[in-house]
1. Could you tell me whether segment 133-143 includes any residue that is in a strand (DSSP E or B), in contact with a Lys or Arg (Cβ under 8 Å, 6 or more places away or on another chain), within 30 Å of G64 (Cα to Cα) and among the hydrophobic types (A, V, I, L, M, F, W, C)?
2. Here is a list: R20, R7, R69, R28. Which entry is of a type outside the set (S, T, Y) and within 22 Å of M133 (Cα to Cα)?
3. For residues that are open to solvent by less than 50 Å² (accessible area, probe 1.4 Å) and among the hydrophobic types (A, V, I, L, M, F, W, C), scanning just segment 41-86, find the one that is nearest to A126 (Cα to Cα).
4. Assigned to a helix (DSSP H, G or I), among the β-branched types (V, I, T), at pLDDT 80 or above and open to solvent by less than 80 Å² (accessible area, probe 1.4 Å): does that describe T241?
5. Which condition number in (1) more than 26 Å from T17 (Cα to Cα); (2) in contact (Cβ under 8 Å) with a residue 40 or more places away in the chain is the one that R61 fails?
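The values are calculated or read from the model by the stated rules, or taken from the named source; none is laboratory data. A quick note: this is a predicted structure, and the numbers were derived from the prediction, not measured. As a convention, Cβ positions derive from the backbone with ideal geometry for all residues, glycine included, and neighbour counts pool all protein chains shown. To get the accessible areas, we keep the full protein, side chains included, count just its heavy atoms, and leave off ligands, DNA and RNA. Shrake-Rupley method; radii C 1.70, N 1.55, O 1.52, S 1.80 Å.
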Amino acid sequence: SDVIKGRQTGKELMNLTIRRPSPDGSFRGVVAVSLSPSFFTDYYRSLTRDDARLASFSMLRTDGQYLSRWPPPPDGRDRVPASSPTLIRIVAGEMAGAHEVPAARARESRFVSFRRLPDYPVYIVAGFSRAAMFADWRRFLSVLAAVMVPATAGLFFVSWVALKKTRREQAIAIELREEIRRRSAAERSVMETQKWETLSVLTGGVAHDFNNLLSIVNTSLHVHKVKYPALADDKQIQAMTRAIRSGRAADPAAAVL
């Protein structure tokens with residue numbers, strides 16, 4: 001029913017009547033209950049007091065009649081205007097929904113959420129203050145920024161130090177590889193030089209010993225010719241002479257080098 005005043009108590013109340021069927025579905029009477037709207041109003045007041053985001057709380061019939069509301073309508077009306085977006089969606093039969101209602105006169109902009117009570121032609125509508133909701137978000141973001149910004153800056157600094165250290169180590173590694181390459185090339189060059197020096201000394205020693213042997217043989221042959229002139233034209237003596245001449249003509253050191 002509408003919200004009415006009781007004749008005996010003078011207090012506001014609303015009546016709820018429910019048909020009582022028999023097991024076979026036939027009519028067996030009704031159950032009538034009188035409810036105090038102030039009970040719901042006090043409850044809605046406690047909800048809005050505990051949560052600043054809740055701007056309003058109300059119980060509506062499907063035709064837009066207020067059964068309970070906190071805070072009371074600013075203009076004292078007892079019914080939702082027919083142009084209300086919430087009522088339009090309720091009349092259309094939507095069981096639940098949400099939308100934003102722009103600011104108008106003394107009412108701030110708010111988000112409205114509604115839901116129908118199962119098996120009853122009644123909707124519960126909650127209005128959330130847009131400003132309070134965004135203020136909560138801003139406070140949350142401020143706290144989050146106060147925590148995350150230093151942490152992010154610290155991570156950025158650590159990453160920058162690690163990157164700088166890594167680049168320095170890479171440069172040192174490149175320089176070390178280049179130094180190893182230069183040292184290896186120098187060692188190979190020294191070893192090559194030492195090899196040729198050793199070969200030159202060895203070749204010079206062999207050539208010197210060979211020349212000494214030739215000198216001894218040549219001297220002995222010359223003495224033999226002087227002592228025995230009759231044998232100077234002997235074939236063996238001539239062959240030895242040619243061999244000595246050929247050996248002197250050759251340069252063993254130059255040949256090896």
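1. no
2. Going through R20, R7, R69, R28 in turn, the sole match is R69.
3. Of everything passing the filter in segment 41-86, F57 is nearest to A126 (Cα to Cα).
4. Here the answer is no, as T241 does not meet what is asked.
5. Result: R61 passes all but (1).
For (1) farther than 30 Å from P102 by Cα; (2) open to solvent by less than 70 Å² (accessible area, probe 1.4 Å); (3) more than 18 Å from the chain's Cα centre (by Cα), each residue gets a yes or a no:
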| position | (1), (2), (3) |
| --- | --- |
| R130 | no, no, yes |
| M133 | no, yes, yes |
| R167 | yes, no, yes |
| I172 | yes, no, yes |
